[in-house]
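See structure below.
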Amino acid sequence: MNFKDFMGSAAVRQRYWARSFVGWPRFCRASPNTAHHALAALERQDRVNLLVTQNVDGLHQAAGSRRVIDLHGRIDRVRCTDCGATLPRATLQEDLLRSNPEWHAAPGQTAPDGDADIAEGSFENFVVPGCAHCGGELKPDVVFFGESVPRAWVEQAMRGLERADAMLVVGSSLMVYSGYRFVQAAVRTGKPVAAINVGRTRADELLTVKVSGPCAETLSALIESR
């Protein structure tokens, strides 16, 4: 979703929230996998001092990780673009249902990212409530295309990198600059960078070690190696 399109068009916002409304029940049932639990275990072993994730699903925290920076925000929160007030996405789901009771059994092919494919034109009358505090436009509390990652989050992650002995990239191609910048920063300061990923990454030539394999199996082996 492009931020400019979302903010500039009521029709785009209707389409976004209608698709999100249909997809949300599946998304909120998602649970952490073996890789999430392995990273949480590494934190408990004091081998991970900070986890910086580009995911927005909150599954690292659900698995038990405590020192987490959600670099691209959290999809389970909603933020008012005018006054900045936040509310749980689950609360908005209830508001959307009250405003659109005929959508209780709305058809659509749901996707793992919380979205859904629904017929074009079917959301023209979909009602999107405004902010309860000021009536402003509501937006998922995530970084859309065309937005910048909040500077405070980047600075917090950089401070974590300064304290670290090394950096481990797990399951990312690093094609998005918001994550790639931390590899660049680690290399500039002489810190080794390892990656676990199936397929090439943007930082292949900068890596000290690369494991081309499944994240869950590799991380589980790291836990057992202690």
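Take the conditions over 23 Å from TYR177 (Cβ atoms), in contact (Cβ under 8 Å) with a residue 60 or more places away in the chain and surrounded by fewer than 19 Cβ atoms within 10 Å (Cβ to Cβ) and apply them to THR91. Does it pass? Considered against the rule, which asks whether it is over 23 Å from TYR177 (Cβ atoms), in contact (Cβ under 8 Å) with a residue 60 or more places away in the chain and surrounded by fewer than 19 Cβ atoms within 10 Å (Cβ to Cβ), THR91 comes out as no.
Residue count for region 14-44 under the criterion of being farther than 17 Å from ASP76 by Cβ and surrounded by fewer than 15 Cβ atoms within 10 Å (Cβ to Cβ): the result is 3.
I'd like the full set of residues that are of a type in the set (A, V, I, L, M, F, W, C) and either touching a residue at least 24 places away in the same chain (Cβ under 8 Å) or crowded, with 18+ Cβ neighbours inside 10 Å (or both), limited to region 179-197. Answer for region 179-197, where residues must be of a type in the set (A, V, I, L, M, F, W, C) and either touching a residue at least 24 places away in the same chain (Cβ under 8 Å) or crowded, with 18+ Cβ neighbours inside 10 Å (or both): PHE182, VAL183, ALA185, ALA186, VAL193, ALA194, ALA195, ILE196.
For region 183-199, a residue qualifies if it is touching a Ser or Thr at 6+ places or on another chain (Cβ under 7 Å) and either among the polar types (S, T, N, Q) or over 10 Å from MET167 (Cβ atoms) (or both), and the qualifying residues are ILE196, ASN197, VAL198, GLY199.
Test ASP5 against the criterion of being farther than 21 Å from PRO129 by Cα, of a type in the set (D, E, K, R) and surrounded by fewer than 20 Cβ atoms within 10 Å (Cβ to Cβ), and give yes or no. When the stated conditions are applied, ASP5 does not pass them. Please determine whether any residue of region 28-35 is assigned to a helix (DSSP H, G or I) and within 26 Å of ARG89 (Cα to Cα). Yes, region 28-35 contains a residue that is assigned to a helix (DSSP H, G or I) and within 26 Å of ARG89 (Cα to Cα). Of the residues contained in region 19-30, none is found to be modelled with pLDDT of 95 or more and in contact with a Lys or Arg (Cβ under 8 Å, 6 or more places away or on another chain). When VAL68 is tested against (1) of a type outside the set (Phe, Trp, Tyr); (2) closer than 24 Å to LEU174 by Cβ; (3) in contact with a Gly (Cβ under 6 Å, 6 or more places away or on another chain), exactly one condition is not met: (3). Filtering region 52-88 to residues that are under 12 Å from PRO140 (Cβ atoms), among the hydrophobic types (A, V, I, L, M, F, W, C) and without any contact (Cβ under 8 Å) to a residue 60 or more places away in the chain leaves CYS80, LEU87. For region 45-60, the set of residues classified as crowded, with 16+ Cβ neighbours inside 10 Å and more than 15 Å from the chain's Cα centre (by Cα) consists of VAL48, LEU50, listed by residue number. In region 163-178, the qualifying residues are those that are in contact (Cβ under 8 Å) with a residue 24 or more places away in the chain and farther than 23 Å from SER220 by Cα, and the one that is surrounded by the fewest Cβ atoms within 10 Å (Cβ to Cβ) is ARG163. For VAL22, the test of being more than 15 Å from the chain's Cα centre (by Cα) and not in a helix (DSSP H, G or I) is failed.
Looking for something outside the structural domain of GLY199 (by TED's automatic domain parsing), touching a residue at least 60 places away in the same chain (Cβ under 8 Å) and among the β-branched types (Val, Ile, Thr) - is there at least one such residue anywhere in region 113-129? Yes, there is a match, as at least one residue in region 113-129 is outside the structural domain of GLY199 (by TED's automatic domain parsing), touching a residue at least 60 places away in the same chain (Cβ under 8 Å) and among the β-branched types (Val, Ile, Thr).
The values are calculated or read from the model by the stated rules, or taken from the named source; none is laboratory data. Predicted model, so just to flag it, every value in this text is computed and none were measured. Cβ: placed from backbone, ideal geometry, glycine included. Neighbour counts: every protein chain shown.
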